[in-house]
Each structure stands twice: as C-alpha cells, then as structure tokens.
1. If you take the C-alpha gyration tensor of the range 153-226, multiply each eigenvalue by 5 and take the square root, what semi-axes do you get, largest first, in whole Å?
2. Which order do peptides 154-161, 322-329, 263-270 fall in by mean Cβ count within 10 Å, highest first?
3. With the crude spin-label approximation of a point 7 Å out along Cα→Cβ, what separation in nm comes out for residue 179 versus residue 347?
4. Once the piece of chain linking residue 403 and residue 125 is laid out straight, how much longer is it, given 0.36 nm per residue of separation minus the C-alpha distance between them?
5. Out of every Cα pair in the range 59-137, what percent are spaced more than 18 Å from each other?
6. What FRET efficiency comes out for the pair residue 224/residue 390, r = Cβ-Cβ distance, R0 = 45 Å, nearest 0.05?
7. When the helix-only estimate is applied to the chain (DSSP H runs of n ≥ 4, each -39,500 (n - 2.57), divided by the residue count), what is the mean residue ellipticity at 222 nm, nearest 500 deg cm²/dmol?
8. Calculate the all-directions average of the projected area of the range 78-196's alpha-carbon convex hull, and give it in nm².
Ligand SMILES: Cc1cc2nc3c(=O)[nH]c(=O)nc-3n(C[C@H](O)[C@H](O)[C@H](O)COP(=O)(O)OP(=O)(O)OC[C@H]3O[C@@H](n4cnc5c(N)ncnc54)[C@H](O)[C@@H]3O)c2cc1C
C-alpha cells in the first residue's frame with residue numbers, strides 16, 4: 001500500500017519495543033515509507049511474558065507487516081475452541097480462528113516470540129532500535145516534542161508514540177491517570193508434555209475452556225505440533241500491595257494450594273491432575289492491572305499519542321490485549337500517512353481516536369462478561385451461567401456472534417477519512 005503525501009511525516013519516536021511499538025514502526029516503514037526510531041527500556045532479547053492466543057484480528061496485522069509466516073511455525077494454530085463444564089458436558093464450540101470465516105486461524109504463541117520477530121523484522125528494515133532507554137520526561141511544542149531519557153540524553157521528534165505498556169510513563173506525562181488493580185489475577189503453568197496428562201484428556205478437544213462452580217481453567221496446546229500444553233486459570237482475588245504481589249508470586253507453595261483448593265475435586269480428572277501435579281516452581285502469577293477508560297489517547301497538542309496497553313490495558317479474559325494493540329498500530333500508521341496529516345494532525349487523530357475508542361468499549365464489555373462467567377458462584381447461579389453459555393451457542397452457532405471482533409481489518413480505517 002502506498003500513499004501520496006504532499007508534506008510527509010518524518011522522525012517519529014516510538015517509546016516501547018513490546019508488541020504494538022514495533023508493529024507500528026514496521027507498518028509506517030513498509031506501507032508508507034515513514035521512518036521512526038524505537039526506544040526500549042529493556043535490553044535486547046528480553047523474554048518477559050507468557051503464551052498468548054492471537055485471534056485473527058491480531059494475526060491479520062502480523063501478516064500485513066510481514067512476520068506471520070515466521071511466527072506461524074513457532075506456535076500452535078487452531079480454529080475451534082471447546083467450551084465445557086466441570087461435569088465434562090460440552091457447552092459449545094467457538095471458531096476462535098478460521099481460514100474459511102476469517103482468513104486466519106488463531107495462533108497460540110509466546111508474547112516474547114512475537115516481540116522478537118517484530119523487532120528482527122524492524123532491524124532488517126533499517127529501523128533504529130535503541131535498547132536500555134527509559135523515557136522520563138517530554139516537552140511538547142507546536143512543531144514537535146523533546147524527549148528525555150533516564151541517562152539524560154534528549155532527542156527531538158515530530159511525533160512521540162507511547163507504546164510503553166500498562167504502566168506507561170508517556171501516559172503519566174500527558175495526563176493524570178491512575179492504573180488500578182482489576183480485581184482479577186491469573187495463574188499459569190506452561191510447557192507440559194501433552195502425553196503426560198491424565199488419559200481423560202483424550203475425550204476432549206483442545207483447546208478446552210472448562211467452567212465450574214469454583215472457577216475456570218483453560219488447557220491449550222502451545223507449540224507447533226500441539227505436543228506441549230499450557231493451563232491457566234483467571235480468578236477474582238483481593239487487592240494487594242506491590243510488595244505483597246511480589247511475595248505471592250514467589251510463594252509457589254501458596255500458588256499451588258490456591259489451584260488445588262479450587263480444582264482438587266469435582267473436576268474432570270485431567271483438570272485435577274494438571275493443577276495438582278504441575279511442578280510448582282514453574283507456576284507464574286499475574287495480577288491484572290487496568291487503565292481506566294481515557295477521554296483521549298493524545299496530548300492536548302496531538303503530538304504525543306498512546307497505543308496498546310498504554311491507552312487501554314484491561315484483563316486478558318477475552319484474549320485481546322495484544323490483538324487490539326496491533327490494530328491500534330496499523331490503524332495509526334495508515335492515519336499518519338494520510339495526505340494532510342503533517343499539517344492538520346489534530347483532525348485526523350480525532351477521527352482515529354473516536355473509531356478506536358468505540359471498538360475498545362466493545363472489547364472491554366466482552367472482557368468483563370468473560371470475567372463474570374469465569375468467576376466462582378454458588379451451584380444454582382453456576383448452573384444458570386452454564387445454561388446461558390449453552391443456549392448462546394445453540395442460538396448463535398460456533399461463530400458466537402463474534403464476527404465484529406475477529407473479522408476486523410485495520411486497513412478499513414482508510415474509509416473513515
Ligand atoms: C497473563 C497474560 C495473558 C495474556 N493473554 C493474552 C492473549 O491471550 N491474547 C492477547 O491478545 N493478549 C494477551 N495478553 C495481553 C498482552 O500481552 C498485552 O496486551 C500486550 O503485550 C500489550 O502490548 P504493548 O506493546 O502495548 O505493551 P507491552 O507488550 O507491555 O510492551 C511495552 C514495552 O514498553 C517498554 N517500556 C515500558 N516503559 C518504558 C519507558 N519508560 N521507556 C521505554 N520503554 C518502556 C517495556 O519494556 C515493554 O517492552 C495477556 C497478558 C497477560 C499478562
């Protein structure tokens with residue numbers, strides 16, 4: 001895709017080389033020949049994060065920026081997700097990805113593998129990536145932004161993009177917002193050999209999302225041939241201080257006890273086995289923090305723009321954080337390339353922001369519903385929830401009325417201008 005700019009945007013600074021940041025840099029360069037520099041806090045090769053499921057709306061962006069083929073070989077591609085209850089009754093099947101319906105399957109892959117491939121491609125495209133750079137201050141002027149890093153270096157840019165995650169410094173510097181605990185946490189165990197699971201797993205289709213009165217567990221293959229699986233559970237949990245969260249995440253005996261208490265009996269054997277026998281040292285805990293809905297994703301002068309978790313982090317209970325961050329990146333790149341953007345950026349950004357915020361309201365609503373469905377409940381309420389899920393799939397079929405989510409194509413932003 002090309003664009004005909006009279007005055008072209010140049011010299012963009014992207015803060016954060018996670019998922020959304022490098023995707024934006026690639027889209028700007030490959031589709032519109034706009035150069036940017038990525039500044040990343042951590043050293044190269046950081047492997048933070050867990051396995052995530054990238055739905056077709058996110059995978060589509062990876063294909064547009066040219067890294068999908070590399071990534072597909074490093075993760076597990078699947079189409080249908082089984083949803084069942086703790087009595088091993090199926091509640092429904094969902095097309096979580098589908099070549100036929102969405103052109104793409106869903107891809108289960110480690111977040112750091114996605115990050116690594118995006119950064120590798122950015123490097124191959126000649127996009128400068130500066131590691132170990134922590135943004136600490138910025139000054140917006142009418143024609144650009146001056147940014148300062150923790151090592152006191154100052155650089156100028158025409159636009160600064162805050163892709164620096166849920167605890168974004170860029171966001172804090174352009175508005176007063178408090179990131180809050182969502183009330184939910186997740187415990188995950190990764191890389192189990194599938195053939196070591198209890199034999200009852202042979203009766204279910206994986207990935208399987210299992211709902212019961214003491215909570216929710218997902219079992220998902222995670223490598224190319226599906227021989228390795230992850231399990232995770234998200235659950236309501238009381239708020240803790242940062243120190244307490246750190247202590248709890250180190251207390252593997254306690255994490256194991258939390259799982260055993262919830263899933264130790266009255267669950268299918270493969271769920272009981274996986275949560276009981278997984279080596280506790282490998283358990284990882286994630287408290288989920290949220291950014292409250294923001295009125296604007298831009299600074300008052302429009303030269304500082306937020307994307308990804310920096311703009312709208314919420315819990316991963318619809319499996320959409322990285323996917324919508326990728327959508328932000330591609331839609332913003334197309335927006336910044338429009339003729340007239342360099343001279344009238346506020347007008348273009350308002351249209352982009354309105355379009356993206358409306359979509360994020362929908363995604364957040366779905367996330368909250370999923371959080372409610374995954375929470376423990378008394379038996380009667382649980383039965384009602386399961387009946388609703390079953391009836392919903394009976395009525396909507398395996399598309400689950402989610403075409404609006406998975407069918408989204410970031411290129412369509414072009415029709416909004
Ligand atoms: C347990 C768990 C499960 C998840 N499951 C899914 C899933 O199934 N599907 C899905 O789509 N999403 C999922 N997510 C969400 C997903 O991981 C995030 O939404 C995604 O990583 C956000 O991308 P980002 O680029 O906005 O931010 P990040 O990936 O957080 O990247 C931000 C980058 O900015 C850097 N940075 C921070 N501060 C500064 C600074 N001051 N200066 C310079 N650089 C800075 C950081 O080092 C980091 O590299 C999950 C998240 C968790 C925790």
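1. Sorted largest first and rounded, they come to 42, 19, 9 Å.
2. Ranked from most to least packed, the peptides come out as 322-329, 154-161, 263-270.
3. Computed distance between label sites residue 179 and residue 347 equals 3.6 nm.
4. 96.7 nm
5. Summing the P(r) tail past 18 Å for the range 59-137 gives 56 percent.
6. For residue 224 and residue 390, the calculated efficiency is 0.85.
7. Details: 14 runs with 153 residues, N = 417.
Mean residue ellipticity at 222 nm (helix-derived): -11000 deg cm²/dmol.
8. With every direction weighted equally, the projected area is 13.5 nm².
Each value in this text was obtained by applying a stated rule to the coordinates, not by laboratory testing. The model shown is predicted, which means the values in this text are computed figures rather than measured ones. Note: ideal-geometry Cβ built from the backbone for every residue, glycine included; neighbour counts use all protein chains shown.
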